[in-house]
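Engineer: I'd like to ask some things about the structure below.
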Amino acid sequence: MLARKSIIPEEYVLARIAAENLRKPRVRPAARKARFVAKSGACNVAHKNIREQGRFLQDVFTTLVDLKWRHTLVIFTMSFLCSWLLFAMIWWLVAFAHGDMDIRDNLRHPTPCVTDVTSFTSAFLFSIEVQVTIGFGGRMMTEECPLAISLLILQNIVGLIINAVMLGCIFMKTAQSHRRAETLIFSRHAVIALRNGKLCFMFRVGDLRKSMIISASVRIQVVRKTVTPEGEVIPIHQIDVPVENSMESNNIFLVAPLIVSHVIDKRSPLYEISASDLSTQDLEVIVILEGVVETTGITTQARTSYIAEEILWGHRFVSIVTEEDGVYSVDYSKFGNTVKVAAPHCSARELDEKPSILIQTLQKSELSHQNSLRKRNSMRRTNSMRRNNSMRRNNSGLIVPKVQFIASEQNKMTVET
């Protein structure tokens, strides 16, 4: 022990023991705030304790359309099987009452209601042939039983109703409006920057299909938790936000990606929020795009939302539309790309009260713009100089060197004589 104490210093041993006994602090992840609308557009609302479930059966068609595919297919399959079995039982009873199933020839009726229906299996096959209108030819109706004729008419009507409901549900499920909304995309982030001398909230929206959305309109709402002066807590308070659009109808021509802008003025709920206050705000900006699908004529709606962490202050979207060979080309790889720009970090209210902040910001943006132009010009010059140097080197390699012929001294002497 003495040798170990002399070799290992005591301070090192104490520090090591303290480090081993030190417990790591337990960091509890902060509770993630629930979004009212997800980025995909799905509404994050759970309906619980619904007592009046019978209201869903009053609108059976909409209930069938809203169900999942597996549930819808099971319901349709069971409806066909149940209808076939029900009418097969009725056909069997009609044949049994008429005496068509008596195996003794002296008791069997000479003219049956339905030929070749001698068991429940044959009655079930005849029920399928009647409802699906196959008609193999072995079993057929006769004029003997008026009740059988009425039953045939009734089964045909029931089969047509089931087919109509099934085809309508399948068509509505395959052509639902949210399917078209899958190709309507929004930028991942929203930005706040100066536009025309005012702070604006902006995001980008685009359509990936060539078929257009007719009469497309954009609505913006801010959802936040508010408390009224009376002390009432409103957990989901929806506030409409005006959208800057030159057209009175508020419709947009969505043939190419557009940047939708909202001017932050006195009517805006973002009027008193600055760059430093944005991260602490408990708000959610919901964007709703509505329009009519050109190919089907069905109204569609695409939704997304932006929380405070997804709003970039002092950024601007890069340009993605260029003109190439007389055609406007859109580069979707840069759809959500942004660049930093000069923007005041104060709120729009402070900007209105102190116009000098705007002037300083514009001056900074002008200087940054000039610096960027200088950098571009210098880069162009350096690139042109490099190209010229490379061309000179290539040309110097192509020049044929001059060859000089030197005569010997003897040849010179002979020439002189």
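Results for (1) touching a residue at least 60 places away in the same chain (Cβ under 8 Å); (2) touching a strand residue (DSSP E or B) at 6+ places or on another chain (Cβ under 8 Å), shown as yes or no for each residue.
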{"residue": "221", "(1), (2)": "yes, yes"}
{"residue": "231", "(1), (2)": "no, no"}
{"residue": "238", "(1), (2)": "no, yes"}
{"residue": "244", "(1), (2)": "no, yes"}
{"residue": "256", "(1), (2)": "yes, yes"}
{"residue": "275", "(1), (2)": "yes, yes"}
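Engineer: When you scan region 259-315 for strands (runs of 3 or more DSSP E) that lie fully inside it, which ones turn up with 1 or more residues that are among the aromatic types (Phe, Trp, Tyr)?
Structural biologist: In region 259-315, 299-307, 311-313 are the strands (runs of 3 or more DSSP E) which contain 1 or more residues that are among the aromatic types (Phe, Trp, Tyr).
Engineer: Any residue at all in region 127-134 that's of a type outside the set (Asp, Glu), under 27 Å from residue 64 (Cα atoms) and modelled with pLDDT under 85?
Structural biologist: Among the residues of region 127-134, at least one is of a type outside the set (Asp, Glu), under 27 Å from residue 64 (Cα atoms) and modelled with pLDDT under 85, which makes the answer yes.
Engineer: Would you check which residues across region 47-98 are over 24 Å from residue 170 (Cα atoms), of a type in the set (A, V, I, L, M, F, W, C) and loosely packed, with under 12 Cβ neighbours inside 10 Å and list them?
Structural biologist: Correct list: 50 only.
Yes/no matrix, rows are residues, columns are (1) of a type in the set (Asp, Glu); (2) over 20 Å from residue 199 (Cβ atoms); (3) under 20 Å from the mean Cα position of the chain (by Cα); (4) surrounded by 16 or more Cβ atoms within 10 Å (Cβ to Cβ):
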| residue | (1), (2), (3), (4) |
| --- | --- |
| 276 | no, no, no, no |
| 279 | no, no, no, no |
| 291 | no, yes, yes, yes |
| 296 | no, yes, yes, no |
| 305 | no, yes, yes, yes |
| 311 | no, no, yes, yes |
| 315 | no, no, no, yes |
| 319 | no, yes, no, no |
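Engineer: Still on this structure: Just for helices (runs of 4 or more DSSP H) wholly inside region 33-150: which have at least 3 residues that are without any contact (Cβ under 8 Å) to a residue 12 or more places away in the chain, of a type outside the set (Phe, Trp, Tyr) and touching a Pro at 6+ places or on another chain (Cβ under 6 Å)? If you could, list the steps in order and put the result at the bottom.
Structural biologist: On the way: elements: 55-58, 60-66, 69-98, 120-132.
Passing ranges: none, list empty.
The values are calculated or read from the model by the stated rules, or taken from the named source; none is laboratory data. Nothing here was measured: the structure is a model prediction, and the numbers come from that model. As a convention, Cβ positions derive from the backbone with ideal geometry for all residues, glycine included, and neighbour counts pool all protein chains shown.
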